[in-house]
Amino acid sequence: MISEEKIKARIEEKLGSKIKSFTSLSGGCISDAFKISTDENKQFFLKYNSSSLNDMFIKEANGLKELAKANAIRIPEVLSFDEDYILLEYIPTGHRKKNFFDEFGHCFAEMHRFTSESFGFFEDNYIGSNLQKNISDEKEKTSWVNFYFNKRILFQIQLAEKLGNSTPELRKGISKLESKIEEIIGETKAVPSLLHGDLWGGNYMVDENGNAVLIDPAVYYGHREADLGMTKLFGGFSSEFYRAYVETFPLEDGYEYRENIYKLYHVLNHLNLFGGGYYSQAISLIKFYI
């Protein structure tokens, strides 16, 4: 249990007003979540974890601020953060409006039009509770193939080795994949688009107006197909979402073929987070290409 009085006092100091209610919310798998109401009848959302990775909330805050720069889709406003908490605007949960996925797909495509000069990000961050490497070397800054294989696939395989999740079969598969990676994704005209980085059905919410809000990002600049690949992994997005996306920002030919290479990063990450249940899926995705 956290010391509610201690965190309350810190938040009151940040807000400059007294907290009237401090209500626990469900849904957080890593941190505790609370709805805060003040004497001025203002509401806020707090995530708190005294044992959190030292910079997890700092990275989350920086990611949310980066997504907001695109001004394409609603992002919770970051009000305050430190090593053990992040304070955001409170967004009431609503119901999807009639054309929810059409608008979501359109807005997500518009977000991907926001670009950087290089692949990666100014800092590493987290994908779940695992480290996500984003700081590119000189070659990776301009080569999506190098960035993606080194910072995404290779890093996860090295982590699997450390955690005991690797096997000779997996090593051999990744070695063969490395020899084909240029052929698989090297022909695309990849530009460094602003990516959410971890968009599945649990990392968006519906606001009081029935519109999508992006939460819990793992931000970096990369090929936009990588973001779309993750949306296909666990479901939660309708055909209208993808149709609206493509109408707004058409994809290059062959994107369906490349989809599995982008799923692979997240499946390897889940293997390293949760263990062997994801092993066969990882092997299947690798075998699709070799």
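Within straight cross-link reach of residue 59, meaning Cα distance under 18 Å, which lysines are found once same-chain residues fewer than 8 apart are removed?
47, 69, 133, 151
If we count every other residue with Cβ under 10 angstrom of residue 25's Cβ, Lys/Arg +1 and Asp/Glu -1, where does the sum land?
Numbers: positive: 35, 47; negative: 32.
Result for the local shell: +1.
Under 17 Å from the Cα of residue 97, which aspartates and glutamates turn up, not counting those fewer than eight places away in the same chain?
Straight-line reach from residue 97, under 17 Å: 207, 208, 240.
Kindly report the accessible area of the range 170-290 per residue (heavy atoms of protein chains, probe 1.4 Å, no ligands, DNA or RNA), in Å².
Counting only protein heavy atoms, the per-residue value for the range 170-290 is 40 Å².
Pick the calculated Kirkwood radius over Cα pairs in Å for this structure from [x] 20.1; [y] 21.7; [z] 20.9?
[x]
Post the alpha-carbon centroid distance, the range 215-230 to the range 70-124, in whole angstrom.
11 Å
Where does the charge balance sit around residue 114 when Lys and Arg score +1, Asp and Glu -1, over other residues with C-beta under 11 Å from its C-beta?
Computed value for this residue: +1.
Rolling a 1.4 Å sphere over the protein heavy atoms, what is the accessible area per residue of the range 115-159, to the nearest Å²?
43 Å²
What is the sum of charges, Lys and Arg at +1 and Asp and Glu at -1, for the other residues whose Cβ falls under 13 Å from the Cβ of residue 173?
Neighbourhood net charge equals +3.
Which of these, 87, 251, 199, has the largest mean-square fluctuation under a Gaussian network model of the chain (Cα springs below 10 Å)?
It is 251.
Quote the convex hull volume per residue of the range 65-193, based on C-alpha atoms, as a whole number of Å³.
179 Å³
How much length is gained if the chain between residue 182 and residue 137 is pulled fully straight, taking 0.36 nm per residue apart and subtracting their Cα-Cα distance, in nm to one decimal? Let's see the in-between values first.
Details: separation 45, 0.36 × 45 = 16.20 nm, distance 1.81 nm.
The span from residue 182 to residue 137 would gain 14.4 nm if fully extended.
Could you please state how large a percent of the accessible area of the chain is carbon and sulfur, counting protein chains only and using a 1.4 Å probe?
About 48 percent, which is the carbon plus sulfur part of the accessible surface.
The values are calculated or read from the model by the stated rules, or taken from the named source; none is laboratory data. The shown structure was predicted, so the numbers you read here are calculated from the model rather than taken from an experiment. Virtual Cβ from ideal backbone geometry, glycine too; neighbours counted across all protein chains shown. The area values use the complete protein model at the heavy-atom level, side chains included, leaving out ligands, DNA and RNA. Shrake-Rupley method; radii C 1.70, N 1.55, O 1.52, S 1.80 Å.
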